[in-house]
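Worksheet: one structure, shown below.
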Amino acid sequence: MSRPVVIGVVGGIGAGKSTVSGAFAEAGALVYDADEQVSELHRSAAVLDELRSWWGPGVVADGELDRAAVAEIVFGDARQRERLEGLLFPLLAEARAELRRRAEREGVAAVVIDAPLLIEAGLDAECDVVVFVDTPRAERLRRLRARSGWDAGELDRREQAQIPVEAKRDRADYTLDGSGARADVCRRARTLLSQIILDRASG
């Protein structure tokens, strides 16, 4: 049985990465959603028990992690942030590995890693190919303003915490036009997924 191709999805904030990953999923790929996985860990009894033992009961509220309380701890102390990452990162790595094993068992052709900081976190090293979702800044800003009320200054501030958009483009193996209507983006994504699978089979 052939190993599934592992695809990383990158792009600027608001480029439509989740839309592209969703289209890949609709076309049959298995998707690792980093945000969803982290949220699951934040509700995990084992993780909550460990964090309570470190930092006291105040870091858990209503059976879930109190993100504000944890942020106050880890952003003020690099050692505590590293401690938290040391707990969560191996669990997240195992979740990705299990998804790849599941894809192989089920004969799924592609696994997609949808992570906001894919390159910054070094997850591109786990990918066979990286897709850059190319959406003009003006369109990304329009989407973010409608979705989250961001202005240009907020977009700039957020993107300064990431590697530059052009550097993401340079690291990619494929570029996908993320502009325009959602249906058009999804159609282009499905076509690209077929191309990636075909290229891998012929390569």
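The values are calculated or read from the model by the stated rules, or taken from the named source; none is laboratory data. Because the structure is a prediction, the values reported are computed rather than measured. Quick reminder, even Gly has a Cβ in these numbers, built from the backbone with ideal geometry, and neighbours come from all protein chains shown. Ligands, DNA and RNA are stripped out before the accessible areas are found, and what is left, the full protein with its side chains, is counted by its heavy atoms. Shrake-Rupley method; radii C 1.70, N 1.55, O 1.52, S 1.80 Å.
Does Ala46 qualify as being more than 22 Å from Ala121 (Cβ to Cβ), within 23 Å of the chain's Cα centre (by Cα) and open to solvent by 50 Å² or more (accessible area, probe 1.4 Å)? Considered against the rule, which asks whether it is more than 22 Å from Ala121 (Cβ to Cβ), within 23 Å of the chain's Cα centre (by Cα) and open to solvent by 50 Å² or more (accessible area, probe 1.4 Å), Ala46 comes out as no. The numbered conditions (1) surrounded by 15 or more Cβ atoms within 10 Å (Cβ to Cβ); (2) farther than 25 Å from Leu198 by Cβ; (3) of a type in the set (S, T, N, Q) are all true for Ser179 except (2).
Within the option set Asp173, Asp184, being modelled with pLDDT of 95 or more, under 25 Å from Ala93 (Cα atoms) and surrounded by fewer than 17 Cβ atoms within 10 Å (Cβ to Cβ) holds for one residue only, Asp173. Checking the structure you have, find out if any residue of segment 153-170 is under 23 Å from Ala23 (Cβ atoms), surrounded by 12 or more Cβ atoms within 10 Å (Cβ to Cβ) and of a type in the set (Val, Ile, Thr). There is at least one residue in segment 153-170 that is under 23 Å from Ala23 (Cβ atoms), surrounded by 12 or more Cβ atoms within 10 Å (Cβ to Cβ) and of a type in the set (Val, Ile, Thr).
Exactly one residue out of Ser53, Ser18 is among the small types (Gly, Ala, Ser), open to solvent by 50 Å² or more (accessible area, probe 1.4 Å) and in contact (Cβ under 8 Å) with a residue 24 or more places away in the chain, and it is Ser18.
Every residue in segment 160-196 that is charged (D, E, K, R) and over 12 Å from Phe132 (Cβ atoms), please. Scanning segment 160-196 gives Arg182, Asp184, Arg187, Arg188, Arg190.
Do we find a residue being on the phi > 0 side of the Ramachandran plot, free of Cβ contacts under 8 Å to residues at least 24 places away in the same chain and exposed (fewer than 11 other Cβ atoms within 10 Å of the Cβ) anywhere in segment 58-81? The answer is yes, given that some residue of segment 58-81 is on the phi > 0 side of the Ramachandran plot, free of Cβ contacts under 8 Å to residues at least 24 places away in the same chain and exposed (fewer than 11 other Cβ atoms within 10 Å of the Cβ).
The sole residue among Leu198, Leu118, Leu193 that is of a type in the set (A, V, I, L, M, F, W, C), touching a strand residue (DSSP E or B) at 6+ places or on another chain (Cβ under 6 Å) and not in a strand (DSSP E or B) is Leu118.
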